[in-house]
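Read through the structure below, which is laid out as structure tokens, and then see the notes.
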Amino acid sequence: MIMDRGRGPRMASRYVEVAPGELSVRTEEFSHRPLAAGEARVQVLACGICGTDLHLWHGMPLPPGSSYPVRPGHEVCGRVVEMATAPSSSTGPAGHEPAVGDMVVLHPVAPCGACDSCALGLDQLCPRGRVLGIHEPGGLSDEVVWPADRMVPVTGIEPTQAAVLADAVATAYRAVKVAGLAGNPHVCVIGAGGVGTHVLELVRALHPGARLVGVTGTERSAARLREAGYEAEVNGPDLVSRLRREYGSFDHVFEFSGSADAPAQAVRLLRAGGGLVFGSVLEGHLDLGPAQAVQTRELSVKGVFSASIEDLREVVALATNGVIDLGGSVSHTADLSDAAAAFATLDARPAGLVRMVLTTSGGDA
């Protein structure tokens, strides 16, 4: 450790950097910049890798205000090591403020706080929002700086499991909320992986009378779902006919597979008046099939990409209170230094993959 006059000690820190077709783990000595009002410095304990991170590696178009290379990672669990006092107007709701020493999960969007979406409580839709891991350096690193009011304290949960609450669980929760389930719905999840598995678990927890079918890419993954108590099928060219024959039509279909063909399959699986929730990170155009299939049966189609800070608080409470079980949420872990191999593993989609989480030495503290 080397002292840097006026900026504190120089520290060695690792971080992942990606550009189209390139990925590296870099180590730099740097001086901590002073925190701006309302910011907190977090020692990362664990950070998940999701489909968006893979798409960054593959070279997806970036939103305005960002450019390659980027430092990814938006499913972050860590420990607060430093905080700067926030102006009274920017503090979060009473009882939600983190403190130094707290373990927290980070909400991945820092909204402007002034637009119509923010006023409606739809902070995840803020058009000027800054996204962790795209606009700002993300959590695939040893530490991260982020607004303290975008952090949710969490206790009693392992960091590797807590990390996925920020996206894999919170986005699934958002999907279930916007679907507007009622009664004992008949539900199919196409793409029951990192997010889709949590859709199944949340529907079962919140709507115990629901009939749930998960669709996966391999028989091994389908067997995992059956062991967890769900009905399951393996994807294939005859998927729609098999599902219709075995289960009939569905009230709701959630699509998280990333397959360009899946949204149109979902439309064919819905009953009249049913609803599709589209959550895949899909490059290109959305193909729902013949327009009349949507119009004449009055189907609803809703998109989901992320969750609000309130959604994150609610899923943290669900997990802390044991309403949902995160024991099967993470199938693969690796050290941050092995990020390249971890990305390659996730890209290959091996059987049994649910979520990949990278850990740091801070998790041993």
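The values are calculated or read from the model by the stated rules, or taken from the named source; none is laboratory data. These numbers were taken from a predicted model, which means no experiment stands behind them. Note: ideal-geometry Cβ built from the backbone for every residue, glycine included; neighbour counts use all protein chains shown. For accessibility, only protein heavy atoms count, side chains too; no ligands or nucleic acids. Shrake-Rupley method; radii C 1.70, N 1.55, O 1.52, S 1.80 Å.
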When the residues of segment 31-43 are narrowed to those that are out of contact with any helix residue (DSSP H, G or I) (no Cβ under 6 Å at 6 or more places or on another chain) and either open to solvent by 50 Å² or more (accessible area, probe 1.4 Å) or closer than 14 Å to LEU336 by Cβ (or both), which ends up modelled with the lowest pLDDT? ARG33
Can you pull out the residues in segment 343-362 that are over 17 Å from the mean Cα position of the chain (by Cα) and buried (at least 20 other Cβ atoms within 10 Å of the Cβ)? THR360
Can you tell me which condition SER67 does not meet? The list is (1) touching a residue at least 12 places away in the same chain (Cβ under 8 Å); (2) open to solvent by 50 Å² or more (accessible area, probe 1.4 Å), and all the others hold. (1)
Only one of SER331, SER306 is surrounded by fewer than 19 Cβ atoms within 10 Å (Cβ to Cβ) and touching a residue at least 12 places away in the same chain (Cβ under 8 Å); which? SER331
Scanning segment 248-259 residue by residue, the ones that are small (Gly, Ala, Ser) and under 20 Å from the mean Cα position of the chain (by Cα) total 3
Taking segment 192-220 as the region of interest, how many residues are in contact with a helix residue (DSSP H, G or I) (Cβ under 9 Å, 6 or more places away or on another chain), touching a residue at least 40 places away in the same chain (Cβ under 8 Å) and closer than 24 Å to LEU346 by Cβ? 11
With respect to the numbered conditions (1) over 30 Å from VAL104 (Cβ atoms); (2) crowded, with 21+ Cβ neighbours inside 10 Å; (3) modelled with pLDDT of 95 or more, which one is the sole condition not fulfilled by VAL189? (1)
Would it be correct to say that VAL145 is part of a strand (DSSP E or B), open to solvent by 10 Å² or more (accessible area, probe 1.4 Å) and either within 26 Å of PHE256 (Cα to Cα) or in contact with a Leu (Cβ under 9 Å, 6 or more places away or on another chain) (or both)? yes
Since LEU200 meets every condition but one in (1) under 17 Å from GLY279 (Cα atoms); (2) open to solvent by 20 Å² or more (accessible area, probe 1.4 Å); (3) touching a Gly at 6+ places or on another chain (Cβ under 9 Å); (4) not charged (D, E, K, R), which condition does it not meet? (2)
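Return yes or no: is LEU299 within 24 Å of CYS188 (Cβ to Cβ), modelled with pLDDT under 95, open to solvent by 10 Å² or more (accessible area, probe 1.4 Å) and among the aliphatic types (A, V, I, L, M)?
No; evaluated as a whole, the condition is false for this residue.
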Counted residues in segment 203-242 being at pLDDT 95 or above, in a helix (DSSP H, G or I) and buried (at least 22 other Cβ atoms within 10 Å of the Cβ) come to 1
Taking the stated definitions as given, is GLY73 under 25 Å from SER280 (Cβ atoms), small (Gly, Ala, Ser) and surrounded by 22 or more Cβ atoms within 10 Å (Cβ to Cβ)? yes
Is at least one residue of segment 84-105 in contact (Cβ under 8 Å) with a residue 12 or more places away in the chain, open to solvent by less than 40 Å² (accessible area, probe 1.4 Å) and within 25 Å of GLY303 (Cα to Cα)? yes
Kindly evaluate THR155 against the criterion of being β-branched (Val, Ile, Thr), farther than 19 Å from ASP53 by Cβ and out of contact with any helix residue (DSSP H, G or I) (no Cβ under 9 Å at 6 or more places or on another chain). no
Does GLY279 meet the test of being touching a residue at least 24 places away in the same chain (Cβ under 8 Å) and more than 21 Å from the chain's Cα centre (by Cα)? no
For ASP261, all conditions in the list (1) surrounded by fewer than 20 Cβ atoms within 10 Å (Cβ to Cβ); (2) modelled with pLDDT under 95; (3) closer than 30 Å to GLU17 by Cβ hold save one; what is the number of the exception? (3)
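Scan segment 11-65 for residues that are part of a strand (DSSP E or B) and acidic (Asp, Glu) and jot them down.
Correct list: GLU17, GLU22, GLU28, GLU29, GLU39.
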